[in-house]
Amino acid sequence: MEITKATAKATNLRISPQKLNLVAKSIRGKEIKKAIDNLTFSRKRIAKDVLKVLNSAIANAENNYSLDIDRLIVDEAFVGKAVVMKRLRARARGRAARILKPFSKLTITLKQVGEK
């Protein structure tokens, strides 16, 4: 049985899962060249971190599983919740308001498609 998938994960990315999912959605199902171009020219701050994870998945595919990088596509790019930092902000009349600072997890899976 031949392995045709490679993954890479990132934990504790300092962005909300909802915002990270917008960037992950933009590369799902695309060839890696198009995905890299998409992330390189994206105006979102988190796109640089997503590009790092994608490059890590490409390196894993090439070095660990001997996959052909020219035939790889982004099979899955999914986002999950990680920890949430809770902070307080002083408000009027001695009250306090909560500030939630969420973190996210990202997993990218690459798949080899097509014949040689």
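None of the figures in this text is laboratory data; all of them are computed from the coordinates on show. The shown structure was predicted, so the numbers you read here are calculated from the model rather than taken from an experiment. FYI the Cβ positions are ideal-geometry reconstructions off the backbone, even for glycines, and counts take in every protein chain you see.
Annotations
- Selection of segment 1-53 for residues being without any contact (Cβ under 8 Å) to a residue 12 or more places away in the chain and either among the hydroxyl-bearing types (S, T, Y) or over 24 Å from R71 (Cβ atoms) (or both) yields Q18, T40, R43, K48.
- Among the residues listed as V74, V79, V23, V53, the single one being touching a Pro at 6+ places or on another chain (Cβ under 8 Å) and crowded, with 18+ Cβ neighbours inside 10 Å: V79
- Of everything in segment 16-42 that is under 11 Å from the mean Cα position of the chain (by Cα) and of a type in the set (V, I, T), the residue that is nearest to A82 (Cα to Cα) is V23.
- Here segment 1-12 is the region considered, the condition is being in a strand (DSSP E or B) and not β-branched (V, I, T), and the residue that is surrounded by the fewest Cβ atoms within 10 Å (Cβ to Cβ) is N12.
- Flag if S66 is in a loop (DSSP other than H, G, I, E, B) and either of a type in the set (S, T, Y) or in contact (Cβ under 8 Å) with a residue 24 or more places away in the chain (or both): yes
- Number of positions in segment 76-94 that are without any contact (Cβ under 8 Å) to a residue 40 or more places away in the chain, among the basic types (K, R) and in a strand (DSSP E or B): 3
- The number of residues in segment 58-70 that are crowded, with 16+ Cβ neighbours inside 10 Å and either of a type in the set (D, E, K, R) or out of contact with any strand residue (DSSP E or B) (no Cβ under 6 Å at 6 or more places or on another chain) (or both) comes to 1.
- Of the candidates I108, I15, I36, the single residue that is of a type in the set (V, I, T) and in a helix (DSSP H, G or I) is I36.
- Residue check for A97: assigned to a strand (DSSP E or B) and exposed (fewer than 11 other Cβ atoms within 10 Å of the Cβ): yes
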